[in-house]
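This report concerns only the one structure given below.
The values are calculated or read from the model by the stated rules, or taken from the named source; none is laboratory data. Note that the coordinates shown come from a computational prediction; the quantities given were computed from them, not determined experimentally. Methodologically, a virtual Cβ is constructed for each residue, glycine included, from the backbone with ideal geometry; neighbour enumeration extends over all protein chains shown. Accessible surface is based on the protein model in full, side chains and every heavy atom, while ligands, DNA and RNA are left aside. Shrake-Rupley method; radii C 1.70, N 1.55, O 1.52, S 1.80 Å.
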Amino acid sequence: MPTNTIDPNTWVDKYSDYLFNYTVVRVDDKEIAQDLVQETFFAGLKSMKNFKGEASERTWLISILKRKIIDHYRKINSAKGKAEVRINYSSDSETEGDWLEERVADPFDGNADTEIENNELGLAIHNCMEKLPQKQALIFKMKTIQDFDTETICNEFDITASNLWVIIHRARTAMAECLEKNWF
């Protein structure tokens, strides 16, 4: 049953400073941070009907903001990717100056081998997660897969932020070891 409500009339007063500080650390530009916070408020207004009340209003806005920040970096990186750069990746004089992109597999060219490989990797990840202690697996999944923020996870499990990062580090180490043995 939903326990949290939403009131957009208070967002600027309650959350703008927090959201701005959160953003400026991640994008290192005050103007872009202000724009992203503003876009977050607009997106929140547009999707108010989707607010289920399962998280706090601030947590919900942070999740929107995280996606805005990710979109910002995707936009920057896609612009960089359009630059024409020739790289000599081979000492072979026949292929000298070929496009690097010609050597990289197209991620949208889904062939059967790639799909099988992805399914096998997914199963290997799932099997390795099952080998983690239950609490560690839940926290790892919430943080790395479901993208919950630190505060939410700490409140859920009644742990400190530093304890959370120790658990995440141990889970990542265990997952890497497991995948190295079972996948590579």
### Accessible surface of the stretch 1-73 [probe 1.4 Å, protein heavy atoms]: carbon and sulfur percent
51
### Task
Compute the distance in nm between two label points, each set 7 Å from the Cα along the Cα-to-Cβ direction, one at residue 31 and one at residue 71.
2.0
### Message
Could you compute how much accessible surface residue 128 exposes when probed at 1.4 Å, giving the result in Å² to the nearest 10?
### Response
0
### Summary
In this structure, among 46/141; 30/75; 66/181, pairs with alpha-carbon gaps over 27 Å are 46/141; 66/181
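What ranking of 179, 121 comes out by heavy-atom accessible area, probe 1.4 Å, highest first?
So the residues, ranked largest to smallest area, are 121, 179.
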### Query
Hey, with R₀ at 25 Å, roughly what FRET efficiency would residue 169 and residue 56 work out to, going by the Cβ-Cβ distance, to 0.05?
0.40
### Query
Got a number for the accessible area of residue 42? Probe 1.4 Å, square angstrom, nearest 10.
110
#### Entry: With all protein chains modelled, accessible area of residue 131 [1.4 Å, Å²]
140
### Query
Want the number for residue 5 to residue 134: 0.36 nm per residue separation, take away the alpha-carbon distance, what's left?
43.3 nm
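With all protein chains present and a 1.4 Å probe, how do 61, 138 order by accessible area, largest first?
138, 61
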### Summary
In the stretch 4-61, the trypsin sites (Lys or Arg not before Pro) that sit in a DSSP loop and have at most 10 other Cβ atoms within 10 Å of their own Cβ are 52
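How do 12, 25, 37, 166 stack up against each other in accessible area, from largest to smallest, with a 1.4 angstrom probe?
Details: 12 90, 25 110, 37 10, 166 65 Å².
From most accessible down to least: 25, 12, 166, 37.
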